[in-house]
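Chemist: Here's a structure for you.
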Amino acid sequence: MPFRVTIKKRVEKSFDDLPEKVQSKFWVLVRELRLLGPIRGNWPNFSKLGSGEYHCHLDTAWVACWRRQKSAIDIEVYYVGSRKDAPY
């Protein structure tokens, strides 16, 4: 069964500010999250941030952060942006 991935409005609003290459990598990540779940060890610098929260690098300067919701199949992407502004 595929996972349900939601993207916070804040991420959607800032998405156009990202370089096209990073946008493309983000959509690949979202596809993998849907198909394979929140543990994405195949992505650069993947790590667990806290209880059910994870992050990885999309590029040397850009990261994505997501959390697994209480439901076993819900994943929420809550940040995509600069590493220096990342919420961790």
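Values in this text are rule-based calculations from the coordinates and carry no lab data. Keep in mind that what you see is a predicted model, and the values were worked out from it rather than measured. So basically every Cβ, Gly included, is an ideal-geometry build from the backbone, and we count neighbours across all protein chains shown.
Chemist: At LYS13 and SER47, where each label point lies 7 Å from the Cα along Cα→Cβ, what is the point-to-point distance in nanometres?
Modeler: For the pair LYS13/SER47, the computed spacing is 2.9 nm.
Chemist: Still on this model: Express the relative contact order of the chain as a whole percentage, based on alpha carbon pairs under 8 Å and six or more residues apart in sequence.
Modeler: The value is 32 percent.
Chemist: If you line up the long axis of helix 20-36 against the longest principal axis of the chain, both from Cα atoms, how many degrees apart are they, to the nearest 10?
Modeler: 10
Chemist: Convert 10 °C to kelvin, take the viscosity as 1.306 mPa s, use the Kirkwood radius over C-alpha pairs of the chain as Rh, and evaluate the Stokes-Einstein diffusion coefficient in µm²/s, rounded to a whole number.
Modeler: 124
Chemist: Check cross-link reach from LYS84 to the lysines: straight Cα distance under 25 Å, and skip same-chain residues fewer than eight apart.
Modeler: Partners found: LYS8, LYS9, LYS13, LYS21, LYS25, LYS48.
Chemist: Which one of ALA86, VAL22, LEU33 has its Cα pushed farthest toward the positive end of the charge dipole of the chain, where Lys and Arg give +1 and Asp and Glu give -1 at the Cβ?
Modeler: Farthest along the dipole direction, towards plus: LEU33.
Chemist: Obtain the nm distance between the two label points defined at ARG40 and TYR88 by a simple spin-label model: each point lies 7 Å from its Cα along the Cα-to-C-beta direction.
Modeler: Placing both labels 7 Å beyond Cα along the Cβ direction yields 1.2 nm.
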